[in-house]
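Structure first, commentary second.
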Amino acid sequence: MFKKIIKGGQRKHSKSDSTDASLYGSGPNSNAVAAPSRNSDVPMAPPPMATVEPLPLFRDVPVSDRQNLFMRKLQICCFQFDFSDTLKSAREKEIKRQTLLELVDIIQSGSGKIMERCQEDMIKMIGVNIFRCLPPASHENTGQEATDPGEDEGYLEPSWPHLQIVYGLLLRYVVSSDTDTKVAKRFIDHSFVLKLLDLFDSEDHREREFLKTILHRIYGKFMVHRPFIRKAINNIFYRFIYETERHSGIGELLEILGSIINGFALPMKEEHKLFLVRALIPLHKPKPVGAYHQQLSFCIIQFVEKDYKLADTVIRGLLKYWPLTNCQKELLFLGELEEVLEATQSAEFQRCVVPLFRQIARCLNSPHFQVAERALFLWNNEHIVSLIAQNRQAILPIIFEALEKNIRSHWNQAIHGLTANVKKMFMEMDAELFDDCHRQFEEKEARAQEVEEQREMTWKKLVDAAAHRGEDNMVTV
């Protein structure tokens, strides 16, 4: 695997780099400087595991030998070990761990400029360690539904004692002021970023947290990669929404996007609006939305606060994916809806008021008392009440019937009290409109009663006619 990664990353090196080729040589003197040749920049695979021996510390060798020593330490860190058995290769594992820690100290201290060739090989070493096939998710092994990653510890990567240090090395390299982005972007390229994004599906929450920080730093430092990163995250969302509905790192990716959206310039690009419509709003659809809803809601609110004209689009998107039978999901939607309405202005509110309050009316009559209660709590928000007051002529006729049904027949007493408060609020807003709605409701009820009585009479006539016909056709034996 190491050969393939290195083969794919070959490039021409400067003359100053040619002296490091001896680190991969096979001669008896590993510290000797080989003369440059056509193949001197093609590194060979690390030596057999038997050669994993502790190397001297950087401070114990002359400055002129430190670049060579750095390359040799990178070789040691490329070795892979079986972490399922803690006793197997324990000595070699500890040598590698100490070597990784020393490399982290070198990058963090910034004590000396690292040559371009060493930077390239360091990124390759990092890739050898972190880019791997992830084990099957626990729900794939058991056939159970995917659960919220925050509910329990979940799967923990056995090799984390080494992986953690490798991720720390990559993070310090990315954030270091000594790292030249013009040089580093050749190693941290699109392929590297894609492989990094693939790792977000790891079930180990510690790894996802590190990945989140690293990718955010890469996005901030490498401006050339920004459009590519956004597009790649889009593709992960599309696959999750329309194909798998299974991914461990949606929440972490949304956290990164929350910071990215916050930095969008105004007026907002059409590309960003399309991202909202095609990726973020449809993320409300998958069944495990509860696992990442907090981060998703934050991103949605960021868009509305950036551009208030998007409020109508967002509200209609929520109504499109509104859950029909999942009450817990409905509670999440109502909470998010309140936050969106807080950032909504009157003109956008008017555009969606009819479909919005038809849905709210259904929530008011929900037999799940928490859903009905959460919908009634919307009237505790001053900004939302002011929007409702401005549009009461359209809203009250829609929800009056739902309010009356709650008063008359809802099983929960708390809902009775909250509904009575909302009715009182409307009476104080516009008594004439309230009386008119009440009269229309009574007329509708009377008509419905007449229809019901007529239906019962019709059925009674049919039953009587059937009974009479049966008597006429009865044969006496």
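The values are calculated or read from the model by the stated rules, or taken from the named source; none is laboratory data. Because the structure is predicted, anything quoted here is derived from the model rather than measured. With ideal geometry, Cβ positions are generated from the backbone for all residues, glycine too; neighbour counts draw on all protein chains shown.
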Going through segment 232-263 in order, the residues found to be surrounded by fewer than 17 Cβ atoms within 10 Å (Cβ to Cβ) and over 16 Å from LEU283 (Cα atoms) are SER259, ASN262, GLY263
Exception for GLY127 within (1) at pLDDT below 95; (2) buried (at least 17 other Cβ atoms within 10 Å of the Cβ) falls at (1)
Expected single match for outside the structural domain of ARG362 (by TED's automatic domain parsing) and either in a helix (DSSP H, G or I) or in contact (Cβ under 8 Å) with a residue 12 or more places away in the chain (or both) among HIS383, HIS438, HIS416 is HIS438
Reported set for segment 250-272 where residues are without any contact (Cβ under 8 Å) to a residue 40 or more places away in the chain and in contact with a Leu (Cβ under 7 Å, 6 or more places away or on another chain) is none
Expected output for segment 204-228 (first residue within 19 Å of ILE165 (Cβ to Cβ), partner among the charged types (D, E, K, R) and in a helix (DSSP H, G or I), Cβ below 7 Å, 6+ apart or cross-chain) is ARG208/GLU252; LEU211/GLU252; LYS212/GLU252; LYS212/GLU255
- Please tell me if PHE228 is surrounded by 21 or more Cβ atoms within 10 Å (Cβ to Cβ) and either out of contact with any strand residue (DSSP E or B) (no Cβ under 9 Å at 6 or more places or on another chain) or over 30 Å from THR325 (Cβ atoms) (or both). no
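Test ALA232 against the stated conditions and say whether it is over 11 Å from the mean Cα position of the chain (by Cα) and part of a loop (DSSP other than H, G, I, E, B).
On the way: over 11 Å from the mean Cα position of the chain (by Cα): yes; part of a loop (DSSP other than H, G, I, E, B): no.
So ALA232 does not fit the description; no.
Okay, residues lined up against (1) in contact with a Lys or Arg (Cβ under 7 Å, 6 or more places away or on another chain); (2) in contact (Cβ under 8 Å) with a residue 60 or more places away in the chain; (3) surrounded by 19 or more Cβ atoms within 10 Å (Cβ to Cβ); (4) assigned by TED's automatic domain parsing to the domain that holds ILE407:
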site	(1), (2), (3), (4)
ILE281	no, no, yes, no
LYS285	no, no, no, no
LEU324	no, no, no, yes
LEU332	no, no, yes, yes
Out of (1) within 26 Å of THR86 (Cβ to Cβ); (2) of a type outside the set (A, V, I, L, M, F, W, C); (3) in contact with a helix residue (DSSP H, G or I) (Cβ under 6 Å, 6 or more places away or on another chain), the one HIS216 does not meet is (1)
Note on segment 169-197: residues among the charged types (D, E, K, R) and touching a residue at least 60 places away in the same chain (Cβ under 8 Å) are ARG172, ASP178, ARG186, LYS195
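Confirm whether SER366 is farther than 17 Å from MET427 by Cβ and over 33 Å from the mean Cα position of the chain (by Cα).
On the way: farther than 17 Å from MET427 by Cβ: yes; over 33 Å from the mean Cα position of the chain (by Cα): no.
For SER366, the condition - farther than 17 Å from MET427 by Cβ and over 33 Å from the mean Cα position of the chain (by Cα) - is not met.
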Log entry, pairs with first residue in segment 231-249 being on the phi > 0 side of the Ramachandran plot, second being among the aliphatic types (A, V, I, L, M) and surrounded by fewer than 17 Cβ atoms within 10 Å (Cβ to Cβ), beta carbons closer than 8 Å, six or more apart or on different chains, reads none
